[in-house]
Amino acid sequence: MADPSSYRPQPGQVPDSPGVYRFRDEHRRVIYVGKAKSLRQRLANYFQDVAGLHPRTATMVTTAASVEWTVVSTEVEALQLEYSWIKEYDPRFNVKYRDDKSYPSLAVTLNEEYPRVQVMRGPKKKGVRYFGPYAHAWAIRETVDLMLRVFPVRTCSAGVFKRSAQIGRPCLLGYIGKCSAPCVGRVTPEEHRELAEEFCDFMAGRTGAYLSRLEKEMHIAAEDMEYEKAARLRDDIGALRRAMEKNAVVLADATDADLIAVAEDELEAAVQIFHVRGGRVRGQRGWVTDKVEAVDTAGLVEHALQQLYGEEKGESVPKEVLVPALPEDTPALGQWLAERRGSQVSLRIPQRGDKKALMETVHRNAQQSLALHKTKRASDLTTRSRALEEIAEALELDGAPLRIECFDISHLQGDDVVASMVVFEDGLARKSEYRRFQVKSFEGQDDVRSMHEVVSRRFRRYLVEKSKTGEWDPQDGEDGPPEDDGKPKRFAYPPQLVVVDGGQPQVAAAKRALDELGIDDVAVCGLAKRLEEVWLPGEDDPVVLPRTSEGLYLLQRVRDEAHRFAIQYQRSKRGKRLKSGPLDEVPGLGESRKQALVKHFGSVKKLRQATIDQICEVPGIGRKTAETVAAALAGAVPAGPAVNTATGEIIEDENPAPAGASSERGPEQ
């Protein structure tokens, strides 16, 4: 651990102005990002006696090896820059809220010619109107099913829509009146878009005027003795009221607000958010996080606001945000929220009435979420800790292997030989650290040689990264200028344990690779599939862990994950190879221009027969590219003619190929 006094800035060096600061560790990784009204005062707090700091702050400053800062003009700029850097660098000592699940939302794709209503998860897309998020997808589907009676908007996929348009017959929803069937022209694109916008208005809470209009139309129809129309309107009104009843009124003044509540203890915090639109709860979500930095409730609220609204704009940011505690920089946060919304946003603590009562409900949800998380995690932590301890004891390691890397080789009869590297930290998969390799030094099937190459390449990269920080002096001239962008490097951090999928030969190959590089502080073992035996380098007999051992279960999970990742990569490479055609071998010819060529000529066969001048007629194809294409196709061996296997008849190529095809009948070699 570093002594904070070793990198403390000189007196007078830090400016007394707003800004954002970054702490870096010995590997130049950014480990903490913070902002301050006065950089001088804030940074001085970190360099007092370590014994007087909060334990988490003390851990951070002793892990760090340097600090740097950037001066900005206003506190709002500091807030924006802090959020950007946290997203970019993913610092380990910052509070980061992560969804405990991917909450579904009701989405209306207004960016399409015929907008579609559907359930969506994941990141938001431009031009799509979202409502929610909801706790359950079935709740969205029930609401949509009721509303389609009144707003028969398209809900089918692009494939179903295209198929119905081709055959001139709508799907079942079109026959039962729950779709206006724009696929067969029952309504124009403009009429269908108007339906979709009315659907959005109703979901946004503008319900009163629409229900009044329907009731008025129903009474007029009854007076005109159009009883069937009146009955249909009556049923429509009933369906809309049932949809509205699914979201009870919680705020009588039709408020648009988000309510944020926090439940916390010394180690963790849970955040719950209720999205209220038009006085009704339209969505709910929650996060749980480790308190890896010394932060109070106001600080947790500030981080939650950044997480919640950092990527939002317009009406996604409500007029009112109700919180349990006001952050230190409330005016700056309010201005930041107003800039994202485009109008004033009220950030305050509810004091009385319905809003305070609803905030208490949100807080109870946060408490229950934290209690449930702790119940689950207590078991998980105990199990993972026991598994790591059992592995350390069985392999006679100095300590628990907090970072485990596993390698596996995959191929199909010696073709497309690839390897995978998966990473488990603290017993959990860290998928952002997974890596894939192509075996390049030889061709054919040799798992032992492949394992040696892959392990050598991985740890050679590690040594190169170490050389850039000055921790290692390379002998092969691979040194280079230090990188200080602070982003996680691909191979910069060594594991405590390397696991290979295989027995004695694979383990010996991995150990030999490490020895050749002079690495002696990384343990190696192999897990053989047949009897699930653990092999160690230089040992004639395997280590046999009990079948009920948590350590064995963890090693199996690591090995199986490496196997899955390797097979996935190998299959994707094989698929690309089988689908490749002669145009794939043309240097500098991208996918768009390949499709343009095939679309223009109809097939690769006709393209091969074209002259250079004719190829130049394709938009985006210059003469030099045309000459390259013609030369590549002239050197390629044409595919054999297609044969009808039932009659033995040769099938002539009369029909043009589709636009996206790369050849008329599969790959040509």
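The values are calculated or read from the model by the stated rules, or taken from the named source; none is laboratory data. Keep in mind it's a predicted model, so treat the numbers as computed, not measured. Positions of Cβ are generated from backbone atoms using ideal geometry, with glycine treated the same way; all protein chains shown enter the neighbour counts. Surface areas here come from the heavy atoms of the whole protein model, side chains and all, with no ligands, DNA or RNA. Shrake-Rupley method; radii C 1.70, N 1.55, O 1.52, S 1.80 Å.
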Query raised in the report: Pairs, please: C-beta under 6 Å, at least 6 apart or cross-chain, first residue touching a residue at least 40 places away in the same chain (Cβ under 8 Å) and in region 138-155, second aliphatic (A, V, I, L, M) and assigned to a loop (DSSP other than H, G, I, E, B)?
Result: none
Query raised in the report: How about region 105-131: which of its residues are in a loop (DSSP other than H, G, I, E, B) and crowded, with 18+ Cβ neighbours inside 10 Å?
Result: Thr109, Tyr114, Pro115
Query - Contacts under 7 angstrom Cβ, first residue in region 319-332 being touching a residue at least 12 places away in the same chain (Cβ under 8 Å), partner among the polar types (S, T, N, Q) and crowded, with 20+ Cβ neighbours inside 10 Å, 6 or more apart - result: Glu320/Thr255
**Report entry** Only one of Tyr32, Tyr97 that is buried (at least 17 other Cβ atoms within 10 Å of the Cβ) and at pLDDT below 80
**Finding:** Tyr97
Query raised in the report: Checking His192 against (1) open to solvent by 20 Å² or more (accessible area, probe 1.4 Å); (2) at negative phi; (3) of a type outside the set (Ser, Thr, Tyr), which test does it fail?
Result: (1)
Requested in this report: Report, by residue number, each residue of region 132-167 that is of a type in the set (Lys, Arg), under 22 Å from Met203 (Cα atoms) and open to solvent by 60 Å² or more (accessible area, probe 1.4 Å).
Outcome: Arg141, Arg149
Query raised in the report: Just wondering, is there one or more residues in region 553-576 that are more than 30 Å from the chain's Cα centre (by Cα) and at pLDDT below 90?
Result: no
Report summary line: By residue number, the members of region 146-168 that are outside any loop (DSSP other than H, G, I, E, B), touching a Pro at 6+ places or on another chain (Cβ under 7 Å) and under 14 Å from Glu112 (Cα atoms) are Arg154
Query raised in the report: How about region 609-632: which of its residues are farther than 17 Å from Pro587 by Cα and buried (at least 18 other Cβ atoms within 10 Å of the Cβ)?
Result: Ala610, Val618
Query - Test: Val499 is modelled with pLDDT of 90 or more, among the β-branched types (Val, Ile, Thr) and under 28 Å from the mean Cα position of the chain (by Cα) - result: yes
Requested in this report: Report those strands (runs of 3 or more DSSP E) wholly inside region 238-299 carrying at least 2 residues which are open to solvent by 40 Å² or more (accessible area, probe 1.4 Å) and at pLDDT 70 or above.
Outcome: 280-290
Report summary line: Quick count over region 169-180, residues being open to solvent by 20 Å² or more (accessible area, probe 1.4 Å), in contact with a helix residue (DSSP H, G or I) (Cβ under 9 Å, 6 or more places away or on another chain) and part of a helix (DSSP H, G or I), is 0
Report task. Using the structure shown, decide if Tyr134 is within 25 Å of Ile237 (Cα to Cα), free of Cβ contacts under 8 Å to residues at least 40 places away in the same chain and aromatic (Phe, Trp, Tyr). Result -> no
**Report entry** Residues of region 309-319 classified as in a helix (DSSP H, G or I) and open to solvent by 10 Å² or more (accessible area, probe 1.4 Å), total
**Finding:** 3
Report summary line: The condition of being in contact (Cβ under 8 Å) with a residue 60 or more places away in the chain and crowded, with 20+ Cβ neighbours inside 10 Å holds, among Leu555, Leu536, only for Leu555
Query raised in the report: Are any residues in region 500-516 assigned to a strand (DSSP E or B) and open to solvent by 10 Å² or more (accessible area, probe 1.4 Å), and if so, which ones?
Result: Asp501
Query raised in the report: Is it true that some residue in region 626-633 is touching a residue at least 60 places away in the same chain (Cβ under 8 Å) and on the phi < 0 side of the Ramachandran plot?
Result: no
Query - Members of region 58-73 that are among the hydroxyl-bearing types (Ser, Thr, Tyr) and either crowded, with 18+ Cβ neighbours inside 10 Å or modelled with pLDDT of 80 or more (or both) - result: Thr59, Thr62, Thr63, Ser66, Thr70
Query raised in the report: Out of (1) free of Cβ contacts under 8 Å to residues at least 40 places away in the same chain; (2) closer than 30 Å to Leu497 by Cα, the odd one out for Ala371 is which?
Result: (2)
Requested in this report: Select from region 21-57 the residues that are in contact with a helix residue (DSSP H, G or I) (Cβ under 8 Å, 6 or more places away or on another chain), closer than 14 Å to Arg8 by Cα and part of a helix (DSSP H, G or I) and list them in ascending order.
Outcome: Tyr46, Val50
